[in-house]
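Just below is one structure, and these are the notes that go with it.
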Amino acid sequence: MSADPPSPAAAAAPASGTVHWIGTGLSTGRSGLSLVCERARRVVLWDRTAERAAARLAAHGLAGRAEVRALTPSALADGVGPGDVLVSMLPAAEHPALLRLATDRGAHFACTSYVSPELAALAEGAAARTRTVVLTEAGLDPGIDHLMAHDLVARGREAIGPAPATAAFTSYCGGVPAVPNAFRYRFSWAPYGVLAALGSPARHIDSGAERTAARPWEATRPLVLAGEEFEVYPNRDSLPFVAQYGIPHQWQLATFVRGTLRNAGWRTAWKEVFDTVSAGDPAAVRALAAALAARYPTTPADRDRVVLSVSLELRTAAGTRWRGSHLLDLTGDGDESAMARCVSLPVAYGVTRILAGALPAGLNRAAETPRETTRWLTFLAAHGLGGTCEETSSTPSGVPA
């Protein structure tokens with residue numbers, strides 16, 4: 001199925017075929033980097049040193065498939081040309097500077113992070129100045145979860161038509177140990193960032209009312225998936241995604257929450273963390289994060305696991321009930337962690353869409369049109385990231401289906 005064509009006013013500048021992949025941390029997986037090497041005319045891998053970048057390529061079985069460069073602001077600025085694609089696998093704080101560089105060079109930009117107000121403003125200016133494509137929220141969470149949400153909303157609208165309905169939407173994602181340890185967690189990104197994120201209030205809808213959990217872990221509840229128990233809690237601000245996912249105005253939201261998933265027993269195991277975060281001392285949080293990372297190190301024998309559950313349930317006044325759900329459950333192996341695969345493959349596919357001229361200039365989040373969402377989900381399913389999708393419906397006797 002072909003993608004929705006961009007309008008002439010939003011048409012992007014032609015892509016040159018060169019991709020600059022910036023950063024080779026834990027989220028740079030073999031699957032994503034390999035795809036870019038297959039589809040791009042030229043790939044340049046940037047890291048702190050060229051030797052480090054070359055070692056990462058070799059570890060992924062891609063030696064010689066990309067050029068390697070030492071990352072410095074001046075070297076990157078000299079290396080980027082019109083129509084190139086910059087893929088930032090660096091922390092979110094680094095994205096604005098890279099997007100400014102892309103705009104100055106007439107290049108395109110992609111990352112897996114949430115859109116900040118600064119990035120959104122820069123994207124608007126980039127579209128107007130240089131017809132730059134800015135692809136964001138194209139990893140796992142955010143990313144694959146967006147695709148699943150758009151798919152379920154489209155299925156739900158088709159199932160019940162224009163009828164008003166009460167809706168319950170949940171989206172929970174987590175990277176957990178494949179074999180739970182005493183801490184019920186292993187750090188797959190900056191330990192301090194993991195702990196500090198718990199100090200951010202979480203806004204969501206529960207029982208039909210907007211609620212804010214000042215301490216998100218206090219809103220933890222159990223969740224059973226395929227017979228296995230997990231613990232979930234709200235994360236960040238869920239409410240802007242009501243509009244982003246295209247929730248119809250005639251659906252009354254009883255529940256709308258995007259959150260984090262953990263192994264059962266997590267809340268008990270993390271009591272020390274919660275006590276420290278509650279005290280509000282950043283230095284103490286940083287010290288504890290370092291201590292916990294040392295206490296529960298990740299070894300080469302450890303395997304990670306990604307679990308993503310997105311569900312939507314609709315009920316009409318006439319008694320019609322529809323429910324759809326997606327479940328992705330992936331365990332890493334010796335070649336690639338589950339997290340690296342789930343983060344790098346979607347953004348790499350997004351890069352191929354930029355190279356093909358399929359995305360419009362300006363801000364793009366994963367895939368936001370029905371055709372493009374279907375295209376992304378179909379690709380990911382063909383590469384082992386499809387998971388399972390279930391759909392059920394019931395209509396009271398005597399009521400037309």
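The values are calculated or read from the model by the stated rules, or taken from the named source; none is laboratory data. Computed from a predicted structure; not experimentally measured. Backbone-built Cβ (ideal geometry, glycine too); neighbour counts: all protein chains shown. Quick note on the areas: whole protein, heavy atoms, side chains included, nothing else; ligands and nucleic acids left out. Shrake-Rupley method; radii C 1.70, N 1.55, O 1.52, S 1.80 Å.
Using 7 Å Cα-to-Cβ label points, what is the residue 226/residue 97 separation (nm, one decimal)?
About 4.2 nm, to one decimal.
Counting only the heavy atoms of the protein chains, how much of residue 302 is accessible to a 1.4 Å probe, in Å² to the nearest 10?
Rounded to the nearest 10, the figure is 50 Å².
So what's the back-of-envelope 222 nm ellipticity for the chain, counting only DSSP H runs of four-plus at -39500 (n - 2.57) apiece and dividing by all residues, rounded to 500?
Details: 13 runs with 138 residues, N = 401.
It lands at -10500 deg cm²/dmol.
Direction-averaged shadow area of the convex hull around the Cα atoms of segment 108-263, nm²? Each step should come with its number before you reach the end.
Working: hull surface 46.0 nm².
Averaged projected hull area, Cα only: 11.5 nm².
How big is the equivalent ellipsoid of segment 218-302 along its three axes, where each semi-axis is √(5λ) from the Cα gyration tensor, reported in whole Å from largest to smallest?
On the way: eigenvalues 196, 68, 33 Å².
They are 31, 18, 13 Å, listed largest first.
So, counting K/R as plus one and D/E as minus one, what does the shell of residues with Cβ under 10 Å around residue 174 add up to? Walk me through the intermediate numbers first.
Details: positive: 262, 305; negative: 141, 231.
Net local charge, residue 174 excluded: 0.
Please report the equivalent ellipsoid semi-axes of the chain, computed as sqrt(5 x eigenvalue) of the Cα gyration tensor, largest first, in whole Å.
On the way: eigenvalues 226, 160, 76 Å².
Calculated on Cα positions only, the semi-axes equal 34, 28, 20 Å.
Test of the criteria: in segment 8-87, which trypsin sites (Lys or Arg not before Pro) are in a DSSP loop and have at most 13 other Cβ atoms within 10 angstrom of their Cβ? Intermediate values should be presented prior to the final figure.
Details: sites: 30, 39, 41, 42, 48, 52, 56, 65, 69; in loops: 41, 48, 65.
Taking segment 8-87 and a limit of 13 other Cβ atoms within 10 Å, the loop trypsin sites (Lys or Arg not before Pro) found are 41, 48.
Can you tally the net charge around residue 149? Count Lys and Arg as +1, Asp and Glu as -1, for every other residue whose Cβ sits under 12 Å from the Cβ of residue 149.
On the way: positive: 155, 258, 365; negative: 137, 141, 145, 151, 368.
Taking every other residue near residue 149 into account, the sum is -2.
Tell me, Kirkwood radius of segment 18-135 from alpha-carbon pair distances, in Å? Don't skip to the answer; put the middle values down first.
Numbers: mean 1/r = 0.0701 Å⁻¹.
Computed over Cα pairs of segment 18-135, the Kirkwood hydrodynamic radius comes out at 14.3 Å.
With θ set to phi - 60°, apply the Karplus curve 6.51 cos²θ - 1.76 cosθ + 1.60 along segment 63-76 and write out the HN-Hα couplings as whole Hz, x wherever there is a Gly or Pro.
For segment 63-76, the Karplus-derived couplings read 3, x, 7, 9, 6, 10, 9, 7, 7, 9, x, 6, 5, 5 Hz, x marking Gly and Pro.
Tell me which trypsin sites (Lys or Arg not before Pro) from segment 219-296 have a DSSP coil assignment and no more than 12 other beta carbons within 10 Å of their own. Show your work: numbers first, answer last.
On the way: sites: 236, 258, 262, 267, 271, 286, 295; in loops: 236.
Answer in residue order: no site qualifies.
Just add up the charged neighbours of residue 17: K/R +1, D/E -1, any other residue whose Cβ is under 10 Å from the Cβ of residue 17. Numbers along the way, then the final one.
Numbers: positive: 39, 41, 42; negative: 84.
Combined, the nearby Lys, Arg, Asp and Glu give +2.
Please turn the phi angles of segment 149-154 into ³J(HN,Hα) values with the Karplus equation 6.51 cos²θ - 1.76 cosθ + 1.60 (θ = phi - 60°), one per residue in order, whole Hz, x for glycine and proline.
Rounded to whole hertz, the list is 5, 4, 5, 5, 4, 5.
Could you order the peptides 74-82, 372-380 from most to least packed, using the average number of other C-beta atoms within 10 Å per residue?
Working: 74-82: 13.8, 372-380: 19.3.
Final packing ranking: 372-380, 74-82.
What ³J(HN,Hα) values, in whole Hz, does the Karplus curve 6.51 cos²θ - 1.76 cosθ + 1.60 give for segment 55-60 when θ = phi - 60°, with x put for Gly and Pro?
5, 5, 4, 5, 4, 8
When the label point is put 7 Å from the Cα of residue 371 along its Cα-to-beta-carbon vector, which residues of segment 346-360 have a backbone N closer than 19 Å?
Taking a point 7 Å out along Cα→Cβ of residue 371, the residues of segment 346-360 whose backbone N falls under 19 Å are 350-360.
Quick one: if the Förster radius is 25 Å, what FRET efficiency do residue 48 and residue 104 give, using the C-beta to C-beta distance and rounding to 0.05? Kindly include the intermediate steps, with their values, before the conclusion.
Values: r = 23 Å, r/R0 = 0.93.
Taking R0 as 25 Å, the efficiency between residue 48 and residue 104 is 0.60.
Starting from the 7 Å offset along Cα-to-Cβ, what nm value, one decimal, do you get for the label separation of residue 378 and residue 242?
Label at residue 378, label at residue 242, 3.4 nm between them.
Would you mind calculating the relative contact order of the chain from Cα pairs under 8 angstrom and at least 6 residues apart, reporting the percent as a whole number? Numbers along the way, then the final one.
Details: 844 pairs, mean separation 97.4, N = 401.
The normalised contact order for the chain reaches 24 percent.
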